[in-house]
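See structure below.
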Amino acid sequence: MSEGKAMRLSPQITFRNMSPSEAMERNILERIEKLDSFYDGIMSCRVMVEASHKHHHQGNVYHVRIDLTVPGHELAVSRDPGLDHAHEDAYVAIRDAFDAARRQLEDLERRQRSQVKTHEVQVHGRISRLIPAEDFGIIETPEGREIYFHRHSVVNSDFDRLTVGTAVRFAEETGEEGPQASSVRVEGKHHLIG
């Protein structure tokens with residue numbers, strides 16, 4: 001576990017058709033923290049654990065749903081019990097759902113890396129405005145264009161180290177309200193323009 005690291009997320013955990021369990025909630029929070037450590041851009045996480053009352057001789061079968069929001073994407077993992085008797089154990093159902101969520105994040109990360117590779121050159125600019133209270137800022141390109149970016153777009157959680165004038169490079173994409181920056185990286189001292 002990462003000592004001293006406060007979880008940025010405020011996850012929502014819901015239990016349906018069953019009593020809330022502190023032990024199960026702790027297990028879910030640990031798994032969310034591991035996901036958050038693996039994929040730095042998770043903006044929100046909702047987990048629902050539901051006991052399905054079956055009409056045969058077995059006990060409850062558990063259904064787990066995880067909804068993740070990351071910049072530009074909504075990911076949903078739904079582990080329906082179906083015929084899987086392993087999901088008669090809520091912890092197994094939770095583990096399987098979080099394993100599937102991690103695979104989705106790995107796939108997304110691979111797609112994002114290949115998209116970044118297809119860009120010939122990342123765009124360069126300087127931070128022209130920072131609004132830390134609202135978790136965003138504006139990058140000005142050498143051509144004078146202004147590009148919005150969100151805290152979660154800054155690689156390595158460097159948002160708090162940014163100041164007006166900081167040189168950055170970034171990938172540009174079209175957001176809901178126009179151009180926005182993703183994969184914002186602080187430029188090193190020995191930057192080579194390619």
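Backbone geometry of the range 122-128 corresponds, through the Karplus equation with coefficients 6.51, -1.76 and 1.60 at θ = phi - 60°, to 3J(HN,Hα) couplings of 6, 7, 10, x, 10, 5, 9 Hz, x marking Gly and Pro. Put a dot 7 Å past the Cα of Arg161, heading toward its Cβ, do the same for Arg111, and the two dots end up 3.0 nm apart. Taken one residue at a time, the phi angles of the range 156-173 give Karplus couplings (6.51, -1.76, 1.60, θ = phi - 60°) of 6, 6, 7, 3, 5, 8, 6, 9, 4, x, 4, 7, 9, 10, 7, 9, 9, 9 Hz. Gly and Pro are set to x. For Glu187, nonlocal amide neighbours, meaning residues 5 or more places apart or on other chains whose placed amide H falls under 5 Å from its own, are Ala167, Val168, Arg169.
Any read-out appearing in this document is the output of simple, stated calculations on the displayed coordinates, not a laboratory observation. Please read all numbers here as calculations on a predicted model, not as lab measurements. Please note: Cβ atoms are built from the backbone with ideal geometry, for glycine as well, and neighbour counts cover all protein chains shown.
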